[in-house]
Amino acid sequence: MEAWFSRRGLRWLKPAYVSFILIFGAIGAPLAIPVLPVETYIRYSQRLHLAPPRIETDKLGTLPQFYADMFGWEEMTAEVARIYNSLPPDVRPKTAIFCGNYGQAGAIDLFGEKYGLPKAISNHQSYFFWGPRDYTGESVIVVGAGRRDLEPYFDSIEPAGEVGHPYAMPYEHFTIYYCGQPKVSLQQLWPRIKKWE
């Protein structure tokens with residue numbers, strides 16, 4: 001770049017060019033990396049009239065996905081733990097925690113030990129390869145799937161809790177279900193439910 005400025009006798013433009021880059025970088029940085037507190041970020045993006053960028057979904061909250069995905073995971077895990085610990089002690093070891101996506105499963109695995117939870121299972125992305133472990137489906141806490149999605153697989157589907165951090169992505173606001181009386185065992189079902197998106 002320096003040679004370009006020198007060849008054209010525009011050395012005097014170099015400081016202006018650097019200043020331009022620095023100013024617009026400083027203005028844009030909070031929109032690309034989470035350097036501002038949440039409420040400040042929301043006011044900042046509204047003042048600039050910039051909506052959060054669409055990354056994975058058309059459903060957006062007040063924060064872009066890279067920022068919104070930092071919220072709600074431990075609260076979700078705590079709600080799953082409340083449900084899990086409300087089960088009879090002899091049922092808990094048989095209870096799978098099935099998550100609709102790898103983010104939810106990862107949160108259960110990350111925070112779950114603190115709450116005494118077993119590892120999650122999920123049919124999403126690489127979690128699918130770990131399979132349903134030894135779970136049969138007779139007792140399943142389902143995170144991130146709707147009742148209609150569960151009806152083909154379980155005769156007993158009960159709402160057990162709600163999840164929804166105000167700053168999380170809208171699709172991370174959902175009902176947690178407790179399911180039993182499987183129509184087919186998880187072992188038989190697993191090869192047919194891989195979700196790779």
State the three equivalent ellipsoid semi-axes of the range 130-171, derived from the C-alpha gyration tensor as the square roots of 5 times its eigenvalues, in descending order and whole Å.
-> 23, 14, 10
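Report the full-extension gain for the segment residue 196 to residue 90: residue separation times 0.36 nm, less the Cα-Cα distance, to one decimal in nm. If you can, show how the numbers build up before the last one.
On the way: separation 106, 0.36 × 106 = 38.16 nm, distance 3.42 nm.
Stretched out fully, the residue 196 to residue 90 stretch lengthens by 34.7 nm.
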If r is the Cβ-Cβ distance from residue 46 to residue 150 and R0 is 35 Å, what FRET efficiency results, to the nearest 0.05?
-> 0.35
Acute angle (nearest 10 degrees) that the helix 102-115 long axis makes with the longest principal axis of the chain, alpha-carbon atoms | 70 degrees
What is the order of 139, 19, fewest Cβ neighbours within 10 Å to most?
-> 19, 139
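Please report, largest first and rounded to whole Å, the three semi-axes of the ellipsoid equivalent to the range 99-148, where each semi-axis is the square root of five times an eigenvalue of the C-alpha gyration tensor.
16, 13, 12
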How far is helix 38-47 tilted, in degrees, relative to the longest principal axis of the Cα atoms in the chain, given as a value from 0 to 90 rounded to the nearest 10?
-> 50 degrees
Additional length obtainable on full extension of the chain from residue 129 to residue 29, 0.36 nm per residue less Cα span | 32.2 nm
One would report the antiparallel percent of DSSP beta bridges in the range 73-192, rounded to the nearest 5, as 65 percent
Could you tally up the Lys pairs in the chain with alpha carbons closer than 28 Å? Skip any pair fewer than 8 positions apart unless they're on separate chains.
-> 12
Protection proxy (average C-beta count within 10 Å per residue), highest first, orders 70-77, 104-111, 183-190 as 104-111, 70-77, 183-190
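Based on the alpha-carbon gyration tensor of the range 153-197 and its eigenvalue square roots a ≥ b ≥ c, which shape applies: rounded if a/c is under 1.5, prolate if not and a/b is larger than b/c, or oblate?
Details: a/c = 4.84, a/b = 1.52, b/c = 3.18.
Since a/c reaches 1.5 but b/c is at least a/b, the shape of the range 153-197 is classed as oblate.
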FRET E, pair residue 21, residue 171, Förster distance 35 Å, beta-carbon r, rounded to 0.05 | 0.45
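Taking square-rooted eigenvalues a ≥ b ≥ c of the alpha carbon gyration tensor, is the range 73-192 rounded, prolate or oblate, where a/c under 1.5 means rounded and, failing that, a/b exceeding b/c means prolate?
Working: a/c = 1.32, a/b = 1.25, b/c = 1.06.
Judged from the Cα gyration tensor, the range 73-192 comes out rounded (a/c under 1.5).
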Potential extension, residue 162-residue 74 segment - 0.36 nm per residue separation minus Cα distance = 30.3 nm
Specify the angular offset, from 0 to 90 degrees and rounded to the nearest 10, of the alpha carbon long axis of helix 73-86 from the longest principal axis of the alpha carbons in the chain.
-> 10 degrees
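Where a number appears in this text, it was derived from the coordinates with a stated rule and is not lab data. What you are looking at is a predicted structure, and each value in this text was computed from that prediction instead of being measured. Quick reminder, even Gly has a Cβ in these numbers, built from the backbone with ideal geometry, and neighbours come from all protein chains shown.
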